[in-house]
1. For Asp242 and Val180 in the same chain, what is the full-extension length gain: residue separation times 0.36 nm, less their Cα-Cα distance, in nm?
2. Give the long-range amide H neighbours of Gln91: residues separated by 5 or more places, or on another chain, with amide H under 5 Å away, using H modelled in the peptide plane at 1.01 Å from N.
3. Fully extended, how many nm does the chain gain between Glu79 and Thr266 (0.36 nm per residue separation, minus their Cα-Cα distance)?
4. What distance in nm separates the simple spin-label points at Ser55 and Ala206, each placed 7 Å from Cα in the Cβ direction?
5. Of the residues Glu116, Glu79, Glu32, which exhibits the maximal mean-square fluctuation in a Gaussian network model of the chain defined by a 10 Å Cα contact cut-off?
6. Give the cross-link partners of Lys136 among the lysines, using a straight C-alpha distance below 17 Å as the criterion and excluding same-chain residues fewer than 8 apart.
7. In vacuo Debye scattering of the stretch 15-284, one point per C-alpha: log10 I(q)/I(0) at q = 0.09, 0.11, 0.16 Å⁻¹?
8. Full-extension gain between Ser12 and Gln277, please, as 0.36 nm times their residue separation minus the C-alpha to C-alpha distance.
Amino acid sequence: MTSTHEQWDIVSGVGITALAVAEGRAAESAREDRLINDPYARALVDAADAPQLASAEAQELMRGMVSDYMGVRTRFFDEFFLRAAAGGCGQAVILASGLDTRAFRLAWPSGVRVFEIDQPKVLEFKDRTLDDIGAKPAAERHAVAVDLRDDWASALQDAGFDTSVPTAWLAEGLLPYLPVDAEAQLLDTIHRFSAPGSRLSIEHVAGDRDQMLGDEIRKVSDQWGIDLPSLFSVEDRPDPGDVLTGKGWTVRRDPSTEIAAGYGRTFSGVQEMFHEQSQMLTARLEG
Ligand SMILES: C[S@@+](CC[C@H](N)C(=O)[O-])C[C@H]1O[C@@H](n2cnc3c(N)ncnc32)[C@H](O)[C@@H]1O
């Protein structure tokens, strides 16, 4: 499918944010008190050779900003997928998968199919790099190269997605970048494609989206050399948890600070401010 939308790679546009969070997972994986181990994250970051991360100072800054939180968020969604797969979800869909390596590193029950959706150049980069280092998927993996503002539902079906199989869906690090119409279409399609027993988890920043344009974000953007405010979509929209409740899903909300505390971790300084409104939504569609 040819997209009319802007295309990016792993060092440009929103693509660079996938690299930033992979840096967070690489840093987290190297910590003694790590909450996760992503053995592929460092190789992915190094292969990208991003000018924005070239200096030791930039890397240090990125690590400091994202490692604590990335450990918490990655662990939470790892557990979500493993619980869902053990509970009968035979498919997983990682929306805006970026450099997510769960298809390679989680202990999926046999027969589970994992679909990863992102823009073509992001997926090409990941596939090539993981292939070069000999990484092997731990599930039946399907990379679906499509823009989530286009007809991704057809692309997912063309890749073999089966609407009769209960599915575990994940939107991690995605909603801040999606325009309002695309977010509504995303939730609609998930609902339409979800067999009873399906589950969904979403990283959600509650409250006013204007906060994503605040001084602290601008300061961090300047330091990183990544213009975050220009990447965010700040139009008002309904709360995704409320939308799902309206469609018949049972929704649970876990504030990130509470999840972190459960893992024995606290956020401090600027991270505390960023994450105080962050929540993880977990939703189930009963039979
Ligand atoms: C912050 S990264 C998160 C990546 C991954 N979920 C993770 O947590 O590691 C944001 C990702 O969203 C993807 N993305 C944003 N908007 C998209 C769109 N319209 N279509 C496809 N992918 C999109 C980017 O390419 C990027 O990989």
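1. 20.8 nm
2. Arg113, Ala168
3. Length gained, Glu79 through Thr266: 65.4 nm.
4. The modelled label-to-label distance comes out at 3.9 nm.
5. Fluctuation is largest for Glu32.
6. Those lysines meeting the cut-off are Lys126.
7. -0.38, -0.59, -1.39
8. Working it through step by step, the gained length comes to 92.7 nm.
FYI, it's all coordinate maths here, none of it is from the lab. Predicted, not measured: the structure shown is a model, and the values here were computed from it. Here Cβ is always computed from backbone atoms with ideal geometry, including for glycine, and neighbour counts include all displayed protein chains.
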